[in-house]
Amino acid sequence: MNLGLQDKVVLVTGGSKGIGLGIIRSFIAEEAKVANVNRSETEGKQLEAEYASQGKECFFIQGDLTDTDACRNAVEQTLTRFGKIDVLVNNAGVNDGAGLDAGPEAFVESLKRNLVHYYAMVHYALDALKESKGCIINIGSKVCETGQGGTSGYAASKGGVNGLTREWAVDLAPKEVRVNAVLPAETWTPLYEKCLAAMPDPGAAKSEIEQLIPLGHRFTTIEELADMVVFLASPRSSHTTGQIIFVDGGYTHFDRKCTVPSDVSSFGAAAE
Ligand code: NAP
């Protein structure tokens, strides 16, 4: 399927690793031009050089998105380099464990790491997105639906991401700008691998988590997440807006019986 993304300009936050990196690779595979705003200069420049050697654009913009000036600068530099923005992917974030006991200041800092820059990026890119009749993809998390415990700031931020996705879809429909959210649950990233490596038995922990994922009892891959983002951003999704799409192998919504490896899994249809 030709997704029609050739020469579209895509601005991705947090694209140097994990899901963001997968998103960048999928867009460039579709011949889009990418700008990547990230903290680490080394990683961003390496990625830029890797694609430059193939005649492709992965323009690196250094910045910490908790600073709203960095958000404005990212938009300005993208426009200076490419002259337009067709797609904005708000992806950067961290499950930082600012829980109920952390206090109001830690809570606000968590909102800055996970929510405020989503708003700031859209605010600064607004004119460009209206001009291109572009689209916004927000990366959320299942945590806003399921809770996790001990992570109030992140849960509130991701709830905010869902709310803003609908709000902006309404705001921007008259300008033909589409806004959608893609929500991972358990996606296998280098960070996830590092977190599990700190556990007493990482292999056992990984398979316990896999049992909780109904479709295939495996983690979602970065590529599966990224491909949904690219499809939603493409003109092949031209009448899809305000949607919150879970790419999670059924983790968030399926009956818990799906994850039980016993006779209980087939019990209960008549009893409901
Ligand atoms: P990751 O591997 O840690 O990658 C995040 C990238 O964003 C990193 O390059 C990071 O840079 C960058 N970044 C984070 N905060 C930044 C900031 N303030 N300024 C500039 N760059 C920043 O994380 P991931 O797992 O791919 O997560 C990506 C998105 O998916 C997040 O919104 C996360 O909440 C969501 N998500 C992931 C999962 C999962 O299973 N992986 C599940 C649910 C939701 P540094 O290297 O400098 O930190």
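The values are calculated or read from the model by the stated rules, or taken from the named source; none is laboratory data. Quantities reported herein were computed from a predicted structural model and do not represent experimental measurements. Cβ coordinates were reconstructed from backbone atoms using ideal geometry, including for glycine residues, and neighbour counts include every protein chain displayed. SASA here: full protein model, heavy atoms, side chains in, ligands and nucleic acids out. Shrake-Rupley method; radii C 1.70, N 1.55, O 1.52, S 1.80 Å.
Summed over the stretch 216-243, the residues that are part of a strand (DSSP E or B) and either open to solvent by 40 Å² or more (accessible area, probe 1.4 Å) or over 24 Å from Gly147 (Cα atoms) (or both) give a count of 0. In this structure, Val108 qualifies as more than 20 Å from the chain's Cα centre (by Cα) and within 16 Å of the ligand (Cβ to nearest atom).
For the stretch 132-160, taking the residues that are assigned to a loop (DSSP other than H, G, I, E, B) and more than 15 Å from the chain's Cα centre (by Cα), the one that is nearest to Val89 (Cα to Cα) is identified as Gly134.
Please indicate, with yes or no, whether at least one residue in the stretch 53-76 is within 8 Å of the ligand (Cβ to nearest atom), more than 24 Å from Met228 (Cβ to Cβ), among the aliphatic types (A, V, I, L, M) and at pLDDT 95 or above. Yes, the conditions are met somewhere in the stretch 53-76. Considering Arg25, Arg39, Arg81, the condition of being near the ligand (Cβ under 10 Å from one of its atoms), at pLDDT 95 or above and open to solvent by 60 Å² or more (accessible area, probe 1.4 Å) is satisfied by Arg39 alone.
Listed by first and then second residue, the pairs with beta-carbon distance under 6 Å, at least 6 apart or on different chains, first residue in the stretch 1-27 and in a strand (DSSP E or B), second open to solvent by 20 Å² or more (accessible area, probe 1.4 Å) and more than 8 Å from the ligand (Cβ to nearest atom), are Val9/Lys33; Val9/Phe82; Val9/Lys84.
Taking the criterion of being in contact with a helix residue (DSSP H, G or I) (Cβ under 7 Å, 6 or more places away or on another chain) and either free of Cβ contacts under 8 Å to residues at least 40 places away in the same chain or under 29 Å from Gly134 (Cβ atoms) (or both), the residues of the stretch 192-211 that qualify are Leu196, Met199, Pro202, Ala205, Lys206. Filter the stretch 161-183 down to the residues that are in a loop (DSSP other than H, G, I, E, B) and either of a type in the set (Gly, Ala, Ser) or open to solvent by 40 Å² or more (accessible area, probe 1.4 Å) (or both) and list them by number. Glu176, the sole residue that qualifies.
The set of residues in the stretch 90-131 being closer than 23 Å to Val230 by Cβ, in contact with a helix residue (DSSP H, G or I) (Cβ under 6 Å, 6 or more places away or on another chain) and not in a helix (DSSP H, G or I) consists of Asn90, Asn91, Gly93.
Just one of the numbered conditions (1) farther than 25 Å from Ser152 by Cα; (2) assigned to a loop (DSSP other than H, G, I, E, B) is not true of Glu48: (2).
Among residues of the stretch 44-67 that are within 16 Å of Thr13 (Cα to Cα) and of a type in the set (Ser, Thr, Tyr), none has a beta-carbon under 7 Å from a residue that is open to solvent by 60 Å² or more (accessible area, probe 1.4 Å) and more than 10 Å from the ligand (Cβ to nearest atom) at least six positions away or on a different chain. Of all residues in the stretch 42-57, those that are surrounded by fewer than 17 Cβ atoms within 10 Å (Cβ to Cβ), more than 20 Å from the chain's Cα centre (by Cα) and at negative phi total 9. Residues of the stretch 189-213 that are outside any helix (DSSP H, G or I) and surrounded by fewer than 18 Cβ atoms within 10 Å (Cβ to Cβ): Ala198, Met199, Pro200, Asp201, Leu212.
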